[in-house]
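The values are calculated or read from the model by the stated rules, or taken from the named source; none is laboratory data. Note that the coordinates shown come from a computational prediction; the quantities given were computed from them, not determined experimentally. Note that each Cβ is placed from the backbone with ideal geometry, even for glycine, and that neighbours are counted across all protein chains shown. Note: accessible area is taken over every heavy atom of the protein model, side chains too, but ligands, DNA and RNA are not part of it. Shrake-Rupley method; radii C 1.70, N 1.55, O 1.52, S 1.80 Å.
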Amino acid sequence: MTTTLTGALADHPALDQWVTFPATGRVTIRTGKVEIGQGAVTTLAQIAAEELDVTIRQLKIISGETWISPSEKFT
């Protein structure tokens, strides 16, 4: 099965732009989305914790710092 990337994933297909593991038991998630009341960052943390089988406390979310995270253009 072939998967076609769309949107921000097509623009930034390298996984290490989105997710890194800086130390044992720690995960850094980078997103171009910013929190303006819609819960995007909280939701991203919940999804990442569930999918990576870690607690939210093990996550570091970097949001909206496009010099080190993917530019997703719109929140």
Margin query: Take Ala8 and tell me if it is at pLDDT below 85, loosely packed, with under 10 Cβ neighbours inside 10 Å and not charged (D, E, K, R).
Written below: no
Next item on the list: Give the stretch 45-54 a look and list any residue that's open to solvent by less than 50 Å² (accessible area, probe 1.4 Å) and within 13 Å of the chain's Cα centre (by Cα), or say none.
Entry: Ala45, Ala48, Ala49
Check: Is it true that some residue in the stretch 30-43 is exposed (fewer than 10 other Cβ atoms within 10 Å of the Cβ), part of a loop (DSSP other than H, G, I, E, B) and free of Cβ contacts under 8 Å to residues at least 24 places away in the same chain?
Finding: yes
Item checked: Residue in the stretch 55-75 that is modelled with the highest pLDDT, counting only those that are open to solvent by less than 30 Å² (accessible area, probe 1.4 Å) and touching a strand residue (DSSP E or B) at 6+ places or on another chain (Cβ under 6 Å) -> Leu59
